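First comes the structure, then the notes that go with it.
The values are calculated or read from the model by the stated rules, or taken from the named source; none is laboratory data. Because the structure is predicted, anything quoted here is derived from the model rather than measured. Backbone-built Cβ (ideal geometry, glycine too); neighbour counts: all protein chains shown. Side chains included, ligands, DNA and RNA excluded: accessible areas come from the protein's heavy atoms. Shrake-Rupley method; radii C 1.70, N 1.55, O 1.52, S 1.80 Å.
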Amino acid sequence: MSIEPKTERHALGHRMKRKEDPRFLQGKGNYVDDISLPGMLYAAIVRSPYPHATIKGIDISEAMKVPGVKAVITGQDLEAAGLGWLPTFHGLDKQMVLAIGKVLFQYQEVAAVFAETRAAAVDGAELVQVEYEPLPVVADPFTAKKDEVILRPDREKKTNQIYHWEVGDRDATVKALEGSPKRVSQRIWFQRCHPAPLEPCGCVAHFDTMGRLQFYVTSQAPHVYRTALSIVTGIPEDKIHVISPDIGGGFGNKVPVYPGYVCAVVGALKLGRPVKWIESRTENLTSTGFARDYHMDVELGATADGRLTALRVSTAADHGAFDAAADPTKYPAGMFGVVTGSYDVPVAHAEVDAFFTNKAPGGIAYRCSFRVTEASYAIERAMDILSDELGIDAVELRRRNFIKKEQFPYPSVLGFTYDSGDYHKTLDKALEQIGYQDLLKEQAEKRARGELMGIGFSTFTEVVGAGPSKHFDILGIKMFDSAEIRIHPTGSGIVRAGTKSQGQGHETTWAQIVAEELGLDPQNIMVEEGDTDTAPYGLGTYASRSTPVAGAAIAMAARRIREKAKKIAAHLLEAGEADVEWKDYKFQVKGVPAKSVTMKEVAFAAYTNPGPNEPGLEATNYYDPPNMTFPYGTYIAVVDVDRETGEVEVRRFLAVDDCGTVINPMVVEGQIHGGLTEGFAIAFMQEIQYDAEGNNLNTNFTDYLVPTSLETPHWEVGNTVTPSPHHPIGAKGVGESPNVGSPAAFVNAVIDALSPLGIRHLEMPVTRDKVWRAIRDAEAAR
Ligand code: CDP
């Protein structure tokens, strides 16, 4: 089935529906920082200037003298209360809430100050005297690997290696590579970057008069927070109410539980007053979940005519001081196994070795399904390097190796079963839409004049919708998702889900699914998420899982309602249930279209005249997906590089996506535009850099750049529709596809432009400076 918009009201775009909540007193909006509660205190965190140091002592006496400061807590205080450490999401490690004994990264949380005003809390934090004794710094995973300095003596294993993970057939891959007529290899680094949501993280913790924790927080996964808070603090889960209002963007950054949240809860408990903690931009960039930082050695083998024979990828991953990567428990390297991409690779092996370093923890899924972006970048870059080696056009090489339409469902050699796809069709559509032949002609003319023009491709495949409960869990909780729908007597209704929109437009699309399944007006379906007291338990929104999992739960709950409504319709139509069918958005007696009732009429009857049926019209569904969904796309970037200055102009960018059935084209287009803008920033501007001493060099938005409309190129989009065979409405996720697919297209385009100079690879971000130096060096060498 398809739920392409049939009427104007099906394409409403972004439509906010939220409760008017009297607790948001300042009237600015619905953000955590807008909350003001009587007697509320503010928390500020003391952070370490050293990346690695022993704490010799902490003196809070001066801080306590600041007017308005009520209390200061340290790691020792928390440890004494049994709250010293937080479990990280996949349960493989734990993280200090406040430093105990030593600090392991610059800006690590050392103490928390609680005061009557935000200013007093900050003043107090500045006066907390901490005596440090610096220790040797481990600033990269290759140094960490040597184990000369052991960063985490608290762990049983006295090594900096966190884990080794591998998939595929190592021996067969080595053999196939050795026997391949052509081989290329390249170290490819996906640099450390940061989701940098426009609102940083924050919370308000408040124990109400019943002693129940009311916890307002910027969380992408409110139910998981409730469970995690209960585990960490010992507060029974029914005494915790987590509310995620508008969270100001998340992009994966607001999945982990951060020390500031625990400090706020402890402060509220200790002082008996509400506590607000809102981090600054610098705190967000320096201490909350970073993304990527994968050093990938990629090797591809091929026949002389460009058939892939083998793929090997060996990765050193920099996880920082604690292993706080937000990955499902059984997947320490996330979905990196999708590294064979859209290609029919006969044999492959992928391995990831993760290491502790003196950097901020994270490795979160920044608009990405757990390391898919790294995997996609590796294979798409490697395909271009191979195309260069073989002298085969990058498009032709991809076409020769694509998984064919008839091979779906396709079992990849690294363990995934791709659900559906028609890669050739999507590629052809993109080539036609961008006018590839004309671009090639133009490029040849420009090259003849010595100008540098590049055309870059990325024909990526994603894996989203975590996930089937037999494989996927977080903290042991299976990664299903849920929906509850109530239809009111007058035919309007409410749908509640365990997901949490951060701008993805669930308010629109969830209503559309209900409306489509039940023949009701989407305008009158209220959508509610982010409140653990009302929404059924769900694992939240990240990794483009909302549509594949919660979207399916909503469709299935709606179908349950339809089943029940059919019984009531039969009663109203005075017909046997078997003689009633759902057709043209109505129940009608089979073969007698004139004898029909609408869902609105049935809804009224459900409360006024249900006949022999149980009254009411509501249903809940917990959906356990049978498989992941595999959206994909062809992205094409066209760039001009200025030979004198190294300036890259992205002249055109086309994204042709296939996310199965599209619920709302306008929402999907918005997702693609946003994700491309982030992918563009990663490719050209963004890196969280550390110097050799472990100092973070990108602590604010003048050093860590966020693109504005001035730099951002114009985006062209297109789509094909290959429904997922196992999803109730055939939809696959889409939110992260543009972030996953686009970096390789940008970089491939730049390298294509520079290829006449013999340049084969540059690391991201491809800054003007880097390009200029590469051109200068290449020209000097000639
Ligand atoms: O999990 P998240 O909401 O970030 O990602 P998603 O499932 O890819 O959905 C992003 C937005 O696009 C949601 O509002 C979806 O309902 C919408 N969407 C759509 O309209 N059609 C699709 N096939 C996939 C997503």
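Probe radius 1.4 Å, ligands and nucleic acids ignored: give me the carbon and sulfur share of the accessible area of the chain as a rounded percent.
The computed percentage sits at 51.
Can you pull out the GluC sites (Glu not before Pro) in the range 152-199 that DSSP calls coil and that have at most 10 other Cβ atoms within 10 Å? Present the calculation step by step, with values, prior to reporting the outcome.
Details: sites: GLU156, GLU166, GLU178; in loops: GLU156.
Passing sites in the range 152-199 are GLU156.
Please state, rounded to one decimal and in Å, the Kirkwood hydrodynamic radius that the range 507-618 gives when every pair of distinct Cα atoms enters the mean of 1/r.
Details: mean 1/r = 0.0660 Å⁻¹.
15.2 Å is the Kirkwood radius here.
What is the Cα radius of gyration of the range 720-782 over 2.2 N^0.38 Å, N being its residue count?
On the way: Rg = 18.4 Å, N = 63, 2.2 N^0.38 = 10.6 Å.
Dividing the Cα Rg of the range 720-782 by 2.2 N^0.38 Å gives 1.74.
Please report Rg (one decimal) and Dmax (integer) in Å for the Cα set of the range 132-246.
Just the Cα atoms of the range 132-246 yield Rg and Dmax of 23.3, 74 Å.
When the C-alpha atoms of the range 59-154 are aligned to their principal axes, what extent does each axis show, in angstrom, from largest down?
If we take the Cα atoms of the range 59-154, the spans are 49, 28, 21 Å.
Can you spot the lysines whose alpha carbon is less than 19 Å from LYS405's alpha carbon? Ignore those fewer than 8 places along the same chain.
Output for LYS405: LYS425, LYS429, LYS732.
If I take every Cα pair under 8 Å that is 6 or more residues apart in the range 645-740, average their sequence separation and divide by the length, what percent do I get for the relative contact order? Walk me through the intermediate numbers first.
Working: 123 pairs, mean separation 49.1, N = 96.
It rounds to 51 percent for the range 645-740.
Using the eigenvalues of the Cα gyration tensor, what equivalent ellipsoid semi-axes result for the range 593-641 when each is taken as the square root of five times the eigenvalue, whole Å, largest first?
On the way: eigenvalues 476, 70, 24 Å².
Sorted largest first and rounded, they come to 49, 19, 11 Å.
With a cut-off of 8 Å between alpha carbons and a minimum separation of six or more residues, what is the relative contact order of the chain in percent? Could you put the intermediate results ahead of the total?
Working: 1997 pairs, mean separation 121.1, N = 782.
Normalised by residue count, the contact order of the chain is 15 percent.
So how much slack lies between ALA119 and LEU440, counting 0.36 nm per residue of separation and subtracting their Cα-Cα distance, in nm? Numbers along the way, then the final one.
On the way: separation 321, 0.36 × 321 = 115.56 nm, distance 5.98 nm.
Here the answer is 109.6 nm.
Determine the per residue accessible area of the chain with all protein chains present and a 1.4 angstrom probe, expressed in square angstrom.
On the way: 27490 Å² over 782 residues.
Ligands and nucleic acids excluded, the result is 35 Å² per residue.
So what is the diffusion coefficient of the range 655-779 in µm² per second by Stokes-Einstein at 25 °C and 0.890 mPa s, using a Kirkwood Rh over Cα pairs? Please list the in-between numbers first.
Numbers: Rh = 16.7 Å.
Estimated diffusion coefficient is 147 µm²/s.
Quick one: plug the Kirkwood hydrodynamic radius of the chain (C-alpha pairs) into Stokes-Einstein at 20 °C, 1.002 mPa s, and report D in µm²/s.
On the way: Rh = 27.6 Å.
In µm²/s, the coefficient is 78.
Project the alpha carbons of the range 344-467 onto their principal axes and report the range along each, largest first, in whole Å.
Rounded to whole Å, the extents work out to 50, 44, 26 Å.
Excluding residues fewer than 8 places away in the same chain, name every one of the lysines whose C-alpha is closer than 28 Å to that of LYS239.
Cross-link targets: LYS17, LYS19, LYS70, LYS94, LYS254, LYS270, LYS276, LYS478, LYS500.
Do any GluC sites (Glu not before Pro) in the range 658-693 lie in a DSSP loop with no more than 11 other beta carbon atoms within 10 Å, and if so, which?
Working: sites: GLU669, GLU678, GLU687, GLU693; in loops: GLU687, GLU693.
Answer in residue order: no site qualifies.
Considering only DSSP beta bridges where both residues belong to the range 130-269, give the percentage that are antiparallel (nearest 5). Don't skip to the answer; put the middle values down first.
Numbers: 5 of 9 bridges.
That works out to approximately 55 percent antiparallel.
Under 25 Å between alpha carbons, and skipping anything fewer than 8 positions from LYS595 in its own chain: which lysines qualify?
Straight-line reach from LYS595, under 25 Å: LYS6, LYS564, LYS566, LYS567, LYS583, LYS586.
Does the range 693-739 come out rounded, prolate or oblate by the C-alpha gyration tensor, with a ≥ b ≥ c the root eigenvalues, rounded set by a/c under 1.5 and, if not, prolate when a/b is larger than b/c and oblate if not? Don't skip to the end; give the middle numbers.
Values: a/c = 5.28, a/b = 2.05, b/c = 2.58.
Taking the square roots of the gyration eigenvalues as a ≥ b ≥ c, the range 693-739 is oblate.
Using only the Cα atoms of the range 157-207, what semi-axes does the equivalent ellipsoid have when each is the square root of 5 times a gyration tensor eigenvalue? Give whole Å, largest first. Provide the component values of the computation, followed by the final result.
Working: eigenvalues 371, 74, 25 Å².
Whole-Å semi-axes of the equivalent ellipsoid: 43, 19, 11.
Pop out the ³J(HN,Hα) list for the range 673-686 in order, Karplus 6.51 cos²θ - 1.76 cosθ + 1.60 with θ = phi - 60°, rounded to Hz; leave Gly and Pro as x.
Those phi angles translate into 4, x, x, 5, 5, 5, x, 4, 5, 5, 5, 10, 10, 9 Hz.
List the relative contact order of the range 539-650 as a percent without decimals, with contacts defined as Cα pairs under 8 Å and 6+ residues apart.
On the way: 106 pairs, mean separation 27.9, N = 112.
This gives 25 percent for the range 539-650.
If you count the DSSP beta bridges with both ends in the chain, what percent of them are antiparallel, to the nearest 5?
On the way: 104 of 129 bridges.
Roughly 80 percent of the DSSP beta bridges within the chain come out antiparallel.
Residues with beta-carbon under 11 Å from that of GLN191, excluding GLN191: net charge, scoring Lys, Arg +1 and Asp, Glu -1? Could you put the intermediate results ahead of the total?
Details: positive: ARG192, ARG292; negative: ASP293, ASP318, GLU374, GLU687, GLU763.
Within the 11 Å Cβ shell, the charges total -3.
Suppose R0 equals 25 Å. What FRET efficiency, 1/(1 + (r/R0)^6) with r the Cβ-Cβ distance, do LYS157 and LYS330 give to the nearest 0.05? It would help to have the intermediate numbers written out before the result.
Working: r = 20 Å, r/R0 = 0.78.
Efficiency computed from Cβ-Cβ geometry: 0.80.
For the pair ASP769/ARG212, report the inter-label distance in nm, with labels modelled 7 Å from Cα in the Cβ direction.
5.4 nm
Please quote Rg/Rh for the range 445-572 to two decimal places, taking the Kirkwood radius as Rh and restricting both calculations to Cα atoms. Write out the running numbers ahead of the final one.
Details: Rg = 20.7 Å, Rh = 16.8 Å.
When Rh is taken as the Kirkwood radius, the ratio is 1.23.
Can you give me the P(r) profile for the range 490-556? Cα pairs, bins 10 angstrom wide beginning at 0, each as a whole percent.
In order of increasing distance, the bins hold 23, 57, 20, 1 percent.
May I ask for the Kirkwood hydrodynamic radius of the range 437-476, worked out over all distinct Cα pairs and given in angstroms to one decimal? Mind showing how you got there, number by number?
Working: mean 1/r = 0.0699 Å⁻¹.
Radius from the Kirkwood sum: 14.3 Å.
Quick one: divide the alpha-carbon radius of gyration of the range 422-488 by 2.2 N^0.38 Å and tell me what you get.
Numbers: Rg = 23.0 Å, N = 67, 2.2 N^0.38 = 10.9 Å.
Compared with the compact-globule rule of thumb, the range 422-488 sits at 2.11.
Rounded to a whole number of µm²/s, how large is the Stokes-Einstein D of the range 408-448 at 25 °C and 0.890 mPa s, given Rh as the Kirkwood radius over C-alpha pairs? Please report the intermediate quantities before stating the final value.
On the way: Rh = 12.7 Å.
For the chosen part, D equals 193 µm²/s.
Please list 3J(HN,Hα) in residue order for the range 225-234, calculated via the Karplus relation 6.51 cos²θ - 1.76 cosθ + 1.60 where θ = phi - 60°; whole Hz, with x for glycine and proline.
For the range 225-234, the Karplus-derived couplings read 4, 4, 5, 5, 5, 5, 5, 6, 9, x Hz, x marking Gly and Pro.
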